[in-house]
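Note sheet for the following structure.
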Amino acid sequence: MLREFAADTAANSPVVLKNEKAAVEYRLREIEPFWRVFDAFVFDFTGVHGITAGFAEGLIGRLAEQHGEWVKDKLVFVQMHPQVEHLIAQILEENLRLYRHQPRA
């Protein structure tokens, strides 16, 4: 059974979509503690026409940098405006590149 966490990122969300600090706090509170609990994290961007790079970095980018290729399997994005999709794709790739080049113990 697939266990999904629905992240509240829609336009009416209490998560501030332009604030990196709020994105980091949300990630640390709502996603990181449950990374191994849920099979997927669904981010619904209904009604969202834009986000800042800081927000994308704080929420999505750091997940990629910490968890590597797993993010591609665990993060699901729905109803994304093309500009949001493009920015998130860029942030994911940049942070996956950082992950790949991190020294491993």
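Which one of these does residue 31 not meet: (1) assigned to a helix (DSSP H, G or I); (2) surrounded by fewer than 18 Cβ atoms within 10 Å (Cβ to Cβ); (3) not small (Gly, Ala, Ser)?
Unmet condition: (2).
Select, from 89, 56, the only residue that is hydrophobic (A, V, I, L, M, F, W, C), in a helix (DSSP H, G or I) and either at positive phi or free of Cβ contacts under 8 Å to residues at least 12 places away in the same chain (or both). Full working, then the answer.
On the way: 56 fails: either at positive phi or free of Cβ contacts under 8 Å to residues at least 12 places away in the same chain (or both).
Step by step, each of 89, 56 is checked, and only 89 is hydrophobic (A, V, I, L, M, F, W, C), in a helix (DSSP H, G or I) and either at positive phi or free of Cβ contacts under 8 Å to residues at least 12 places away in the same chain (or both).
No lab work stands behind these numbers, since they all come straight from the coordinates. As the structure is a prediction and not an experimental result, all values here were calculated from the model. Every residue, glycine as well, gets a Cβ built from its backbone with ideal geometry; the counts of neighbours run over all protein chains shown.
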